[in-house]
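A short write-up of the structure that comes next.
The values are calculated or read from the model by the stated rules, or taken from the named source; none is laboratory data. Just so you know, these numbers come straight off a predicted model, no measurement behind them. All Cβ positions, glycine included, derive from the backbone under ideal geometry; neighbour counts span all protein chains shown. Please note that ligands, DNA and RNA were not included when accessible areas were found on the heavy atoms of the full protein model with its side chains. Shrake-Rupley method; radii C 1.70, N 1.55, O 1.52, S 1.80 Å.
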Amino acid sequence: MKQRVSALLRDKFNYDVALEKPKDRSFGHFATPIAFSLAKELRKSPMIIAQEIATSFGEESTFSAVESVGGYINFRLSEHFLDEYASWALDHPLQFGQNTKQGRVLLEFVSANPTGPLHIGHARGAVYGDTLLRLGRHLGYDITAEYYVNDAGNQIDLLGVSLQLEGRSTLLGESVEWPEKYYRGEYLSDLARDVVEQFGAEALRDESRQKELALWAKDKILALIVEDLKGINVHFNTFVGEASLYEQWDRVMAKMGEGVYLNEAKTFIRSSDHGDDHDRVVVRDDGRPTYLAGDIIYHNQKFERDYDHYINIWGADHHGYIARVKAAVSFLGYDPKKLEVQLSQMVSLLKDGEPFKMSKRSGTVIQMGDVVEEIGSDALRFMFASKKCDTALEFDIEELKKQDSSNPIYYVQYAHARIQTLLAKSELTHEQIMATQLYDLSADADGLLFEALLLPEVIEDAYESRQVQKVPDYLKALSARLHKFYYDTRIIGTEDEAKLLKLLLVVALSIKTGLSLMGIDAKDRM
RNA sequence: GCGUUCGUAGCUCAAUUGGAUAGAGUAACGGACUUCGGAUCCGUAGGUUAUAGGUUCGAACCCUAUCGGGCGCACCA
């Protein structure tokens with residue numbers, strides 16, 4: 001909708017005109033402050049310029065009015081334009097909000113270590129990433145969702161040790177000596193039980209089998225993670241394992257050329273050339289690669305697959321890491337600007353004002369699966385997607401369980417369900433409803449229609465600015481308008497019934513589309 | 001200490017990315033037709049946008065300083 005208006009203005013003025021929505025809808029549908037920026041150039045007051053521009057619009061089918069107010073130029077769309085657009089959307093519900101964006105994008109997110117189930121912090125990244133994915137795809141981008149599996153290094157060794165100790169301690173009743181760092185949790189005793197079943201109890205005591213058990217457990221845990229993600233409608237296209245990358249190490253090292261150097265038998269990367277505090281070790285003096293080494297090969301592999309853009313969603317605790325990975329990308333001969341890192345901040349969970357702990361055994365870890373079980377995927381997704389991901393988030397789990405307006409997902413779902421109820425109640429057929437035109441609407445109805453038709457702009461804005469919270473914000477605002485309209489306006493049995501139902505169909509379409517882009521199904525009944 | 005990021009109503013968050021009178025929800029209080037779902041709606045109250053300067057037609061947003069919180073500052077991932 002906005003695209004058509006700005007294209008029209010571009011034709012008229014020969015350059016892009018900034019279109020905004022006016023603070024007060026009574027001013028019109030769109031507004032532009034362009035007269036302010038022209039004022040200096042033309043050496044005239046913004047008011048006069050705006051006046052001149054406004055009167056230069058003659059008869060025009062898109063606008064019913066173009067007026068200048070206080071230096072702003074306000075545009076009012078014609079009924080004809082709005083009805084035609086609404087009818088098109090209702091006839092092509094799946095295309096509503098789609099766009100013709102192009103480009104192959106590699107989106108890496110979650111990438112949690114396969115050493116335990118997902119915790120609530122991972123959920124935020126997962127929801128954010130998946131929402132971005134759905135928005136981008138709807139706009140036309142060709143996006144691959146990828147999960148990087150850290151299946152190498154210390155943590156895998158630690159997993160093997162933890163698994164054996166856990167089994168010997170809880171299953172075999174042995175008293176064991178726990179190391180300083182180890183993993184714990186119910187999932188480990190479950191896995192230990194499987195070990196006994198599949199390999200026999202001896203496998204728990206045989207230290208030489210630690211690695212084998214760790215790799216076996218890693219796959220089982222990854223499967224758990226995939227299940228968890230499925231529970232919140234998050235799906236990945238590709239999984240890339242860290243361990244599988246190291247065979248490319250020599251080749252990638254050579255490609256880095258001057259970017260790496262040897263010192264005291266260790267290999268460093270010159271990341272300080274690219275804004276890092278100091279150079280980083282990539283291979284230790286005993287020959288073992290560091291974590292960064294894996295990431296260097298991984299990013300080389302990403303760029304060799306040749307996407308137009310790369311987005312990584314990382315936890316905020318990794319922000320110090322951005323400089324070195326970008327440095328590596330530069331040394332590898334690629335444009336680091338193509339690599340975009342979005343950070344998702346930490347999440348802390350409260351229950352009745354107290355830190356919420358899921359299990360005595362797992363200490364402070366709050367598992368995502370448990371939260372989903374408690375509040376449901378829809379509420380979790382809506383909640384997490386609602387928050388800008390660069391601010392720290394704290395929320396109370398009891399708040400989410402409430403099924404009233406304090407939980408915004410019900411507010412939005414209720415709006416959709418209300419519309420469905422009305423449609424079911426009406427005796428008009430779909431054809432009869434579609435045959436009417438959205439003319440002579442009241443100010444409230446016009447406002448509701450316009451708001452509902454705004455979804456495509458919201459989707460584009462949310463994706464391009466990487467601020468997915470704009471979608472739930474929009475859905476809440478649209479739902480509020482709907483509820484108010486419903487309260488104020490009698491629909492069934494009036495002479496405007498068909499027209500108003502057509503309007504509500506547009507609203508329902510926007511809500512349903514918006515929710516589906518958040519991985520949530522709209523409900524017809526609650 | 002250095003880097004980075006944030007600071008908006010009591011609380012959780014917005015604010016079209018520099019635009020019109022800084023808005024929602026929640027908590028508090030008051031109200032809503034024998035009518036389409038009261039899981040809703042309306043009203044009251046709540047603000048020196050952390051502080052002080054600066055940039056310009058115009059600042060919550062940009063610049064500088066200060067104060068306060070988060071996160072980093074590994075040859076851990």
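Quick one: which of A:ALA462, A:ALA522, A:ALA477, A:ALA508 is small (Gly, Ala, Ser) and not in a helix (DSSP H, G or I)?
Exactly one of A:ALA462, A:ALA522, A:ALA477, A:ALA508 is small (Gly, Ala, Ser) and not in a helix (DSSP H, G or I), namely A:ALA522.
Here is a yes/no grid of residues against (1) small (Gly, Ala, Ser); (2) under 16 Å from A:GLN98 (Cβ atoms); (3) out of contact with any Asp or Glu (no Cβ under 9 Å at 6 or more places or on another chain):
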residue	(1), (2), (3)
A:LEU454	no, yes, yes
A:TYR463	no, yes, yes
A:ARG466	no, no, no
A:TYR474	no, no, no
A:ALA477	yes, no, no
A:LYS484	no, no, no
A:LEU505	no, no, yes
A:SER510	yes, yes, no
A:GLY519	yes, no, no
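Could you check region A:156-177 and list, in sequence order, the residues that are part of a helix (DSSP H, G or I) and surrounded by fewer than 20 Cβ atoms within 10 Å (Cβ to Cβ)?
Within region A:156-177, the first condition is being part of a helix (DSSP H, G or I), and the residues that meet it are A:156-171.
Answer for region A:156-177, where residues must be part of a helix (DSSP H, G or I) and surrounded by fewer than 20 Cβ atoms within 10 Å (Cβ to Cβ): A:ASP157, A:LEU158, A:VAL161, A:ARG168, A:SER169, A:THR170, A:LEU171.
In region A:149-175, the residues that are free of Cβ contacts under 8 Å to residues at least 40 places away in the same chain and among the hydroxyl-bearing types (Ser, Thr, Tyr) reach residues that are away from RNA strand B (no atom under 16 Å from the Cβ) and part of a helix (DSSP H, G or I) with C-beta atoms within less than 6 angstrom, at least six apart or across chains, in these pairs: A:THR170/A:SER189.
The single condition among (1) within 27 Å of A:GLN437 (Cβ to Cβ); (2) over 20 Å from the mean Cα position of the chain (by Cα) that A:GLY97 does not satisfy is (2). Open to solvent by 80 Å² or more (accessible area, probe 1.4 Å) and of a type outside the set (S, T, N, Q): is that true of A:GLU207 in this structure? Yes; evaluated as a whole, the condition is true for this residue. Of the set (1) touching a residue at least 60 places away in the same chain (Cβ under 8 Å); (2) within 16 Å of RNA strand B (Cβ to nearest atom); (3) touching a strand residue (DSSP E or B) at 6+ places or on another chain (Cβ under 6 Å), all apply to A:GLY129 but (2).
Of all residues being in a strand (DSSP E or B) and closer than 30 Å to A:SER510 by Cα in region A:138-155, which is most open to solvent (accessible area, probe 1.4 Å)? Just the residue, please.
From region A:138-155, those in a strand (DSSP E or B) are A:142-149; that's our starting set.
Narrowing further to those that are closer than 30 Å to A:SER510 by Cα: A:142-146.
Values: A:ASP142: 83, A:ILE143: 10, A:THR144: 24, A:ALA145: 0, A:GLU146: 0 Å².
Among those that are in a strand (DSSP E or B) and closer than 30 Å to A:SER510 by Cα, it is A:ASP142.
For region A:292-305, the set of residues classified as touching a residue at least 12 places away in the same chain (Cβ under 8 Å) and open to solvent by 30 Å² or more (accessible area, probe 1.4 Å) consists of A:GLN301, A:ARG305, listed by residue number. If you go through region A:462-488 and pick out every residue that is crowded, with 16+ Cβ neighbours inside 10 Å and free of Cβ contacts under 8 Å to residues at least 60 places away in the same chain, you end up with 4. Does A:GLN210 satisfy the criteria of being modelled with pLDDT of 90 or more and not acidic (Asp, Glu)? Yes; evaluated as a whole, the condition is true for this residue.
Within region A:163-176, can you find the residues that are small (Gly, Ala, Ser) and touching a Ser or Thr at 6+ places or on another chain (Cβ under 8 Å)? Don't jump to the end; show me each part of the working.
Applying the first criterion (small (Gly, Ala, Ser)) to region A:163-176 yields A:167, A:169, A:173, A:175.
A:GLY167, A:SER169, A:SER175, listed by residue number.
For region A:404-454, which helices (runs of 4 or more DSSP H) that fit wholly inside it have 1 or more residues that are touching a residue at least 12 places away in the same chain (Cβ under 8 Å), open to solvent by less than 70 Å² (accessible area, probe 1.4 Å) and more than 15 Å from RNA strand B (Cβ to nearest atom)? Qualifying helices (runs of 4 or more DSSP H): A:430-435, A:443-452.
Evaluation of A:GLN102 against the conditions (1) assigned to a loop (DSSP other than H, G, I, E, B); (2) in contact with a helix residue (DSSP H, G or I) (Cβ under 9 Å, 6 or more places away or on another chain) shows that the sole unmet condition is (2).
Please specify each residue of region A:240-286 satisfying the condition of being among the β-branched types (Val, Ile, Thr) and within 9 Å of RNA strand B (Cβ to nearest atom). Step through it out loud before you land on a result.
Here is the first cut: in region A:240-286, the ones among the β-branched types (Val, Ile, Thr) are A:240, A:252, A:260, A:267, A:269, A:281-283.
Matches in region A:240-286: A:VAL281, A:VAL282, A:VAL283.
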